[in-house]
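The values are calculated or read from the model by the stated rules, or taken from the named source; none is laboratory data. Not measured: the values here are computed from a predicted model. Don't worry about glycine lacking a Cβ; one is built from the backbone with ideal geometry, like all the others, and counts go over all protein chains shown. Heads up: the accessible areas ignore ligands, DNA and RNA and are worked out on the full protein's heavy atoms, side chains in. Shrake-Rupley method; radii C 1.70, N 1.55, O 1.52, S 1.80 Å.
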Amino acid sequence: MRLCLGERSYDLGTRCLVMGVLNRTTDSFFDRGAYFAMDRFLRRADQLVAEGADILDVGGVKAGPGPEVSVEEELERVVPAVVALRERFDVPVSVDTWRAVVAEAAFAAGAVVGNDISGFGDPAYLDVAAAAGATVVATHIRLAPRVPDPEPAYADVVGEVCQYLSERARWAEAKGIGPERVVVDAGLDLGKTWEQSLVLLRASDRLAALGYPLLLSASHKPFLGRLCDLAVEDRGWASLAAAALGVTRGARIVRAHDVRGTHRVCAAIAAVLEAA
């Protein structure tokens, strides 16, 4: 399995890439705005690169409910951050946005990945990505970003998520985005109960079997808190355990807050897979 990010190409047969989380938000569930100021944001980016991040993922609006963030404000948060990262680091930059206009501006600034948790809800998103030669992440969500979904119901959560992701991947390919530039993500905790998210984590092998690189975004998420009775700040070890399980079952990109720990987990599993 190959993945292309800009001009870079990766063999993901055994290797797993670590995507470091960089929030330019004031209300992130994890850091609660600790890295919103640009100087702190860049110091955090420097730390993540030093710890082994293969990709830096920049977001200007949190996924869950919260105060409205206008397009103009999201652009102000994200685009200067992408420019600054590209000037300082030789690491692919991803933009975490579901708005096509923000993605387009970020691609022009140097981002090479559009990480869209809406499942391409903006009809212009894939056109913008195709024009920029960008990689896209197709994420499953039941409703939409920022919309509460307290009682999601599925007849077969794994089957329905697989069908949804296959459809979105085909949408991307129909727009001229090659399969080596399409990534899928089950969207843990996005329109899922904690039990449904756990089922999807266990089913990473079925998601990986769709034939596209599988991104795992489980770091510090609420389903781990419910499963292990842990506060957000205490979910580090549970996050590493989830990463290990997901990677052994086929995930090949892990989005993480603890880049150092996740990098070590992924390197150890890669060594075992290569030895086998």
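Some points to look at:
- Rolling a 1.4 Å probe over the protein heavy atoms of the chain, with every protein chain left in place, gives an accessible area that is 52 percent carbon and sulfur.
- Normalising the average separation of contacting C-alpha pairs (under 8 angstrom, six or more residues apart) by the number of residues puts the relative contact order of the range 189-276 at 32 percent.
- The convex hull defined by the C-alpha atoms of the chain has an orientation-averaged projected area of 12.9 nm².
- In this structure the chain gives 42 Å² per residue of accessible area when probed at 1.4 Å with all protein chains present.
- Segment Val71-Ala275, length gained on full extension (0.36 nm per residue, minus Cα span): 68.6 nm
- FRET efficiency, 1/(1 + (r/R0)^6) with R0 41 Å, evaluated for Thr14 and Ala174 via beta carbons: 0.85
- The chain: most fluctuating residue of Pro65, Pro179, Pro80 per GNM, C-alpha cutoff 10 Å: Pro65
- Counted over the chain, the DSSP beta bridges are approximately 10% antiparallel.
- Each helix, a run of at least 4 DSSP H residues, gives -39500 (n - 2.57); summed and divided by the residues of the chain, these come to -13500 deg cm²/dmol at 222 nm.
- 3J(HN,Hα) couplings calculated from phi for the range 223-230 with the Karplus curve 6.51 cos²θ - 1.76 cosθ + 1.60 (θ = phi - 60°) are, in sequence order, 5, 6, x, 5, 5, 10, 6, 10 Hz; Gly and Pro show x.
- Here the range 225-263 is scanned for amide nitrogen atoms under 17 Å from the site 7 Å beyond the Cα of Ala34 along Cα-to-Cβ, giving 231-240, 256-262.
- Residues of type lysines that Lys192 reaches as a straight line, Cα spacing below 24 Å, ignoring anything fewer than 8 places off in the same chain: Lys62, Lys221
- Measuring from each cysteine beta-carbon in the chain, the ones with no other cysteine beta-carbon under 4.7 angstrom are Cys4, Cys162, Cys228.
- Of Arg202, Arg40, Arg255, the one that fluctuates the most in a GNM where the chain has Cα springs shorter than 10 Å: Arg40
- Solvent exposure ordering (accessible area, 1.4 Å, most first) of Trp171, Trp98: Trp171, Trp98
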